[in-house]
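Engineer: Before I ask anything, here is the structure I am working with.
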Amino acid sequence: SWVCPGASSRYRHFRRFVYDYEAETFNTVNGATDNKSGPKVSCTVEVDVPQTCSFILRTTDCSLSEVVGVDDEGNPLYRPAAGAEAFKAAMEKNTLKITVEGQTDVRLYPEDNEPVNILNIKRGIVSALMVPVMEEEKNNEMPTVHGVCSTDFTVNNKQDIATDVTVSRDLSRCDWFTARRQDTSPLALVSGMVRKYGLSKLIRSTQSCNYRFDNQKKHMTSGTCTEKHIFLPLSHENQYGISAMVKQTVTLRATAKINDRIFDHSEYLPMDVVDDKSPVQTMDAVAATMQKLNSLSETNEGEKRAGLFRQLVSEFRGLKGDTLNSAIVEMTDISPSLTWQALAQCGTPECTSAMLKLLRTFHEAAVEVDAVVYALGLLPNPSQQMVKDLLAMAQYKQSKPIMYALSNAARKLYKSEGVTPEITAVYNYIASLLGADCAGDKDLTFLTLRVVGNMGDAMEATDPAIKTTLLKCMRQPATTLSVQLAAIQAFRRMSVTDEVTNHIPLLHEESPCFPKRLAAYLILMRNPEDSDIEVVKKLLNQEQNEQIRAFVSSHIYNIISSTDSETKKLGEKIMDALQDTEVSTHSDYTTKSRNYELGMAHESMAAKIQGNVIFDPSSTLPREVLLETTLNAFGYSMDIWEVGMEGKGFEPTIEALFGKNGFFPDTVSKALYWAEEQMSPKIKEVLEKWVAPLKIEGQKLVKDLQNRESPEVMAYLRLMGAELGYIKNHHGAKPGQTFHPCSTGHHEILKNQVKKNLITYFV
């Protein structure tokens, strides 16, 4: 192998090795058709070794063909592919220099003008030439185009050395076996879904190679590698279905001595990453294309528009950030609409950065800014530069769409790359907005806590002190209940440590605030400790609050009854702790809080629908309703969607209108009492008949009021586990007046205020 220092045992320095190389790709549907499609590449490959662990690769006499059919025996038939001559010239134009350091660090040094597609083919050739050295230890980890892969070896024949070796790999275990990042239009929102939810789970990929070696000189004399990929969702027995096969063959033609000792190189690229940027960074070509495209609207050459626009987008993608940002204003002077269209279709981090730079020149209140930034936050694979730019936008304008865009991008960047300087910068900004204990602006604090919940794992990994801040926020007496609840719910993506369980408002506290107690319960039950289960046991046996006891009993009952493997483990743990405590649920769906769960399963897929309906003890209307759907498929659990609504203040309005001593009963009864004294029996009878329908209308009005906006209501939507935003309507206290929904008398104060306003309005 080119693993140093054992490289000399396979490819000795001051030598040239000449191989015949062939690669074929077959795309087909196994079991359904014999038809195949795919390209075939053939080259003469020369490998010079001017220094130990340093190699120079040349590819000459290359041909490119494609499958046009199969013969009677199912063998593919080929014809030269379009552009074969240009391909031959491109392959032999430049050499590729390679170094190997240690066991797995392979570095490539391509020429500046090497096209990406040509470089990728040469990557495949390098991977095929990386043969094992059986005498080396730690040889079970080998570098390939898929990254470093765990490798199994079988020695088929051995003389002085192993001369016939078979190598096999499960490519899903390679550390870079993911879909390569490609620059695509941000408008293609579905792009990246396969990458996000696991290419290795949807596609079964294996590789098997056989190598033969010269017993005396130890170099490889022949090698064959076959990769097989099958799309699992539409497969049968992991063999039949949509599949692709890549077969590479190398055969030694000759060896020779060389006198060249020079090995100069510039910046290197890793084996499995490529930077697709133009070698010459200038805006001249871009400006010329823009001018030409802009002039088409005044001519009859509209058929050229699509080709020129594609060229413009490609040129944008080839520019680095400094070059693009320095000239973006010039581009908008030529044509603002074309500039925005090209940037929107470009998709590189540099283009996104340029878009955000232009947006900061808009008026702060412009809705276009929020709309574009929010859409960028939905992209599946944000770069470090994008998160940095979104943070700058959030510092410029703390609107709900921009803050959610920042949180979604930061969460996805953390998931793919861990804690980066950009994630740390986001943390510092969020911490500055929350302060020490959330005593600042209530609306901004609420928004900040919601987005913290969206990226809680990233914030906790950056600095666990964020949890201490949240604990202070949930006990902040000067803020609102919604802020306190948001602080509790912000733990949904964080680990619930002893620090949290010791300070979070536990269910056994004699707290009058029912919403906080249930919110704390739902957070703790994500991964309950033994002490938490003891609290549950006490709730089932001793809890005085009927709504809490009803919800907890139904929730525990659903956990114990669940057929999901992970939930069953938790259910068994709870049952062991509860011992003789009876767990049952209730069937009062209209007045008692309850957890609902419905499961559906079919072969390799299972769906679960669950929800919560929570009633406030002081109300006959639900204060919180939640519904979510989870899909388990191909080894992944995906939260498809979740919608929730929280509200309070419904009941005082309705009671003030139609309850005992409410506006309508009180006013009408007094009017009738006065009428009885002043009117004759005949007129009184008519009046009573006239008033009777008002009772029916009053009932209709109750239903209407229940469906209208409440004094305070908040609804949110989550897709794929990410909160996309919320709407919040608040008709709160007057300036200088504070209502806390957990305080006694709040309900009566609101009712009297509503009644007073109605009397003032009508009178």
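Engineer: Tell me, which residue of segment 486-503 that is open to solvent by less than 10 Å² (accessible area, probe 1.4 Å) and closer than 21 Å to LEU539 by Cα is modelled with the lowest pLDDT?
Structural biologist: Result: VAL500.
Engineer: Taking segment 414-435, which residues are of a type in the set (A, V, I, L, M) and touching a residue at least 40 places away in the same chain (Cβ under 8 Å)?
Structural biologist: Result: VAL419, single match.
Engineer: Specify the residue that is modelled with the lowest pLDDT; the eligible residues are those in segment 276-303 that are closer than 15 Å to LEU338 by Cα and open to solvent by 90 Å² or more (accessible area, probe 1.4 Å).
Structural biologist: Across segment 276-303, the extreme among qualifying residues is GLU298.
Engineer: Test each condition in (1) among the polar types (S, T, N, Q); (2) surrounded by 17 or more Cβ atoms within 10 Å (Cβ to Cβ); (3) at pLDDT below 90 for SER65 and report the one that comes out false.
Structural biologist: Against the list (1) among the polar types (S, T, N, Q); (2) surrounded by 17 or more Cβ atoms within 10 Å (Cβ to Cβ); (3) at pLDDT below 90, SER65 comes up short only on (3).
Engineer: For segment 361-368, does any single residue satisfy the condition of being outside any helix (DSSP H, G or I) and among the aliphatic types (A, V, I, L, M)?
Structural biologist: yes
Engineer: Moving to a separate point now. Determine whether THR339 is assigned to a helix (DSSP H, G or I), open to solvent by less than 60 Å² (accessible area, probe 1.4 Å) and at pLDDT 85 or above.
Structural biologist: yes
Engineer: Residues ALA371, ALA394, ALA354: which one is in a helix (DSSP H, G or I), touching a residue at least 24 places away in the same chain (Cβ under 8 Å) and surrounded by fewer than 18 Cβ atoms within 10 Å (Cβ to Cβ)?
Structural biologist: ALA371
Engineer: Looking only at segment 397-406, count every residue that is crowded, with 21+ Cβ neighbours inside 10 Å and touching a strand residue (DSSP E or B) at 6+ places or on another chain (Cβ under 8 Å) and tell me the total.
Structural biologist: Here the count works out to 1.
Engineer: May I pose another question? Can you confirm whether GLU422 is at pLDDT below 95, open to solvent by 10 Å² or more (accessible area, probe 1.4 Å) and more than 30 Å from ALA478 (Cβ to Cβ)?
Structural biologist: no
Engineer: Based on this model, can you work out whether LEU413 counts as modelled with pLDDT of 90 or more, open to solvent by 10 Å² or more (accessible area, probe 1.4 Å) and in the same structural domain as ALA487 (by the TED database)?
Structural biologist: no
Engineer: For segment 55-88, how many residues meet the condition of being in a strand (DSSP E or B) and of a type outside the set (A, V, I, L, M, F, W, C)?
Structural biologist: The number of residues fulfilling the criteria is 12.
Engineer: Being within 20 Å of ALA344 (Cβ to Cβ) and among the hydroxyl-bearing types (Ser, Thr, Tyr): is that true of TYR374 here?
Structural biologist: Yes.
Engineer: For segment 434-457, enumerate the residues that are closer than 25 Å to GLU642 by Cβ and touching a Leu at 6+ places or on another chain (Cβ under 8 Å).
Structural biologist: Answer for segment 434-457, where residues must be closer than 25 Å to GLU642 by Cβ and touching a Leu at 6+ places or on another chain (Cβ under 8 Å): LEU434, CYS438, LEU444, THR445, THR448, LEU449, VAL451, VAL452.
Engineer: Contact list please: Cβ distance under 7 Å, first residue in segment 482-493 and among the hydroxyl-bearing types (Ser, Thr, Tyr), second residue part of a helix (DSSP H, G or I), pairs at least six apart or on different chains.
Structural biologist: SER482/PHE446
Engineer: I would also like to ask the following. Just to verify a result, which residue in segment 374-387, among those that are assigned to a helix (DSSP H, G or I) and of a type in the set (A, V, I, L, M, F, W, C), is most open to solvent (accessible area, probe 1.4 Å)?
Structural biologist: Looking at residues that are assigned to a helix (DSSP H, G or I) and of a type in the set (A, V, I, L, M, F, W, C), I get ALA375.
Engineer: A follow-up question, please. Look through segment 90-117, keep the residues that are out of contact with any strand residue (DSSP E or B) (no Cβ under 9 Å at 6 or more places or on another chain) and part of a helix (DSSP H, G or I), and return whichever of them is most open to solvent (accessible area, probe 1.4 Å).
Structural biologist: Going through the qualifying residues, I end up with LYS93.
Engineer: For segment 31-62, name all the residues that are open to solvent by 60 Å² or more (accessible area, probe 1.4 Å) and touching a helix residue (DSSP H, G or I) at 6+ places or on another chain (Cβ under 8 Å).
Structural biologist: Passing the criteria: THR52, ARG58, ASP61.
Engineer: Can you tell me how many residues in segment 436-454 are in contact (Cβ under 8 Å) with a residue 12 or more places away in the chain and out of contact with any strand residue (DSSP E or B) (no Cβ under 9 Å at 6 or more places or on another chain)?
Structural biologist: Counting residues in segment 436-454 that are in contact (Cβ under 8 Å) with a residue 12 or more places away in the chain and out of contact with any strand residue (DSSP E or B) (no Cβ under 9 Å at 6 or more places or on another chain) gives 10.
Engineer: May I ask you to list the residues in segment 78-118 that are acidic (Asp, Glu) and at pLDDT 90 or above?
Structural biologist: Once the filter is applied, which keeps residues that are acidic (Asp, Glu) and at pLDDT 90 or above, segment 78-118 yields GLU85, GLU92.
Engineer: Of the residues LEU449, LEU470, LEU444, LEU481, which is open to solvent by less than 40 Å² (accessible area, probe 1.4 Å) and closer than 30 Å to ALA366 by Cβ?
Structural biologist: It is LEU449.
The values are calculated or read from the model by the stated rules, or taken from the named source; none is laboratory data. Remember, predicted model here, so these are calculated numbers, not experimental data. So basically every Cβ, Gly included, is an ideal-geometry build from the backbone, and we count neighbours across all protein chains shown. Surface areas here come from the heavy atoms of the whole protein model, side chains and all, with no ligands, DNA or RNA. Shrake-Rupley method; radii C 1.70, N 1.55, O 1.52, S 1.80 Å.
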